[in-house]
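The values are calculated or read from the model by the stated rules, or taken from the named source; none is laboratory data. Owing to the predicted nature of the structure, the values given are computational and were not obtained by experimental measurement. For neighbour counting, all protein chains shown are included, and Cβ atoms are generated from backbone atoms with ideal geometry for every residue, glycine included.
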Amino acid sequence: NNDVDGHGETANGTTASLADDGPALPQDATETLRDPLAEAAEIVVDHVISNANKVYGLDHVTNIMKFHSAYLETFLSLQEFIIYKEGPLPIQYRHYIAIMAAGRHKCTYLINFHKKQFLEHNGDPSWLLGLTHVPRKLRNLYEINKILAHRPWLVTKEDIKKVVKGPNSWSMSDLGHAIILLVHFHSLCSFVFACNLNDEIPRAVKVSGVYFRRRSKPCLRGYADESVISDDEGLEPIVERMKKLSEPATEQERIQRYELVQSQLCDSDTSADNGLDPDVKPFVEDSGYSYLDCSRRQFAQQSSFILQEFSWDHHGYSLINRLFNDIGLILDKKFQTAYNMTYYTMGGRPHIDTSRFRRAIWNYIYCIYGMRNDDYDYEDVTQLLRSQLRVFVKTAACYPERLNKTTTDNTLKHFELSEKIHINLMIMEARMQSELLFVLRAVMNYML
């Protein structure tokens with residue numbers, strides 16, 4: 001279970017902005033003795049990050065993740081495996097799929113980085129003029145990209161059939177690789193925006209004599225109103241409620257509580273900003289397609305996604321390994337690290353068991369996508385995630401491009417910097433696992 005903690009706070013108690021080039025390390029001049037193991041670990045982490053930045057270039061992302069070195073290791077392992085190691089897809093395809101995925105959330109940080117990587121790996125510059133310039137095989141992937149990014153519950157075996165049958169088709173191993181790239185970069189968009197990193201990349205990439213530039217300010221909207229930032233009770237009541245939530249619920253009570261949490265999803269603002277940055281526009285089709293709140297979709301008319309019927313542990317893990325050899329173990333370690341990571345602190349308070357809080361965030365994201373865990377009591381969500389935090393979690397998962405620094409700072413202001421990062425890691429991983437389960441269920445239904 002994933003934890004919020006003060007592990008990465010600076011020695012003088014200050015916290016850096018999430019969008020700083022990197023977290024400040026302790027600089028206490030009065031400190032004369034240091035734990036040699038901690039010092040050695042710090043050197044190793046810095047070395048890993050330095051090497052990773054030389055290879056991957058995501059310096060702001062890795063510097064933020066440095067607060068949680070165990071997680072950072074799993075993140076870098078996945079990045080290396082799906083982008084740079086030998087695999088079914090050419091490296092140019094990998095970077096272009098990353099661009100397509102990031103385009104759904106207007107994430108110029110990732111788009112511009114992977115444009116650069118695409119060109120450095122001998123990608124055809126004309127592809128960067130837009131989707132109409134890429135091979136038909138890549139264009140055929142776009143519909144799955146769009147659905148997974150916003151309404152993953154709608155992906156079906158027919159969508160899988162369209163890309164693996166007929167001309168310009170994908171092999172199942174190709175598709176497995178592409179699926180991991182899509183869900184990885186969709187969820188990474190959530191982390192980039194939640195940590196205020198989207199404005200931290202060079203502003204122009206030259207393609208065939210044409211400069212693609214970003215506006216000086218990204219087009220971000222929504223959820224910055226003080227009307228949303230209202231339930232400011234601090235963390236102490238949450239800590240107390242975690243201690244008291246112990247009464248077991250019946251199966252019927254758990255279902256009713258799930259339905260209550262889901263009904264409350266309809267309460268938030270769903271206004272969209274369909275304006276596209278010049279760096280984004282070439283890589284986006286149907287820009288108005290986005291997440292649908294329960295007020296505009298009917299879960300009752302769809303077959304429910306019950307996690308006991310199709311789960312990562314019992315179904316997804318083995319299936320993705322069949323499609324893309326050895327990736328399951330890397331993904332599983334990444335999910336488990338994010339879910340179970342803990343330092344037993346909350347808002348600077350020591351000796352706090354945050355497992356219920358961490359489970360609440362993970363299961364709330366399941367609920368956002370219409371996934372029900374029949375073994376989970378959703379009373380924890382209503383008691384531990386106040387409405388302000390729920391709006392933030394939902395926005396980061398479903399509309400990350402609408403986040404801005406004011407929203408993030410106000411919503412998470414009672415948490416330490418490393419705790420904010422930890423929450424954002426959980427959102428990213430729970431979202432990735434949710435998307436992955438939906439698309440793997442569709443693949444399984446196609447293969448039956």
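Segment 55-108 holds helices (runs of 4 or more DSSP H) entirely within its bounds, and those carrying 3 or more residues that are small (Gly, Ala, Ser) map to 69-79, 91-103.
Return the residues of segment 379-409 that are basic (Lys, Arg) and either closer than 21 Å to residue 436 by Cβ or assigned to a helix (DSSP H, G or I) (or both); say none if nothing qualifies. Outline the logic, then answer.
Our first condition is that a residue be basic (Lys, Arg); within segment 379-409, this holds for 386, 390, 394, 402, 405.
Passing the criteria: 390, 394, 402, 405.
For the residues 136, 151, the requirement of being surrounded by fewer than 18 Cβ atoms within 10 Å (Cβ to Cβ) and in contact (Cβ under 8 Å) with a residue 24 or more places away in the chain singles out 136.
Against the test of being under 22 Å from the mean Cα position of the chain (by Cα) and either surrounded by fewer than 21 Cβ atoms within 10 Å (Cβ to Cβ) or under 22 Å from residue 424 (Cα atoms) (or both), the options 345, 382, 337 yield a single qualifying residue, 337.
Going by the structure shown, is residue 365 surrounded by 18 or more Cβ atoms within 10 Å (Cβ to Cβ) and not in a helix (DSSP H, G or I)?
Numbers: surrounded by 18 or more Cβ atoms within 10 Å (Cβ to Cβ): yes; not in a helix (DSSP H, G or I): no.
Answer is no for this residue.
Residues in segment 283-330 that are at pLDDT 95 or above, over 19 Å from residue 148 (Cβ atoms) and hydroxyl-bearing (Ser, Thr, Tyr): 318 only. Scanning segment 115-129 finds one or more residues that are under 22 Å from the mean Cα position of the chain (by Cα) and buried (at least 23 other Cβ atoms within 10 Å of the Cβ). Kindly establish whether residue 228 is at pLDDT below 65 and either surrounded by fewer than 14 Cβ atoms within 10 Å (Cβ to Cβ) or out of contact with any helix residue (DSSP H, G or I) (no Cβ under 8 Å at 6 or more places or on another chain) (or both). So residue 228 fails the test. Picking from residues in segment 348-379 that are of a type in the set (A, V, I, L, M) and touching a strand residue (DSSP E or B) at 6+ places or on another chain (Cβ under 9 Å), the one that is farthest from residue 428 (Cα to Cα) is 352.
Taken over segment 320-356, the criterion of being closer than 30 Å to residue 181 by Cβ and small (Gly, Ala, Ser) is satisfied by 328, 338. Cβ-Cβ contacts under 9 Å between residues 6 or more apart (or on different chains), taken from a first residue in segment 431-448 that is at pLDDT below 95 to a second residue that is in a helix (DSSP H, G or I), are listed as 448/157.
In segment 254-275, of all residues being within 21 Å of the chain's Cα centre (by Cα) and at pLDDT 65 or above, the one that is farthest from residue 363 (Cα to Cα) corresponds to 265. Can you name the number of the only condition in (1) surrounded by fewer than 24 Cβ atoms within 10 Å (Cβ to Cβ); (2) more than 13 Å from the chain's Cα centre (by Cα); (3) in contact (Cβ under 8 Å) with a residue 12 or more places away in the chain; (4) closer than 23 Å to residue 108 by Cβ that residue 394 fails? With (1) surrounded by fewer than 24 Cβ atoms within 10 Å (Cβ to Cβ); (2) more than 13 Å from the chain's Cα centre (by Cα); (3) in contact (Cβ under 8 Å) with a residue 12 or more places away in the chain; (4) closer than 23 Å to residue 108 by Cβ applied to residue 394, the lone miss is (2).
Matching residues to (1) modelled with pLDDT under 90; (2) on the phi < 0 side of the Ramachandran plot; (3) among the polar types (S, T, N, Q):
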residue	(1), (2), (3)
358	no, yes, no
361	no, yes, no
366	no, yes, no
380	yes, yes, no
388	yes, yes, yes
401	no, yes, no
404	yes, yes, yes
413	yes, yes, no
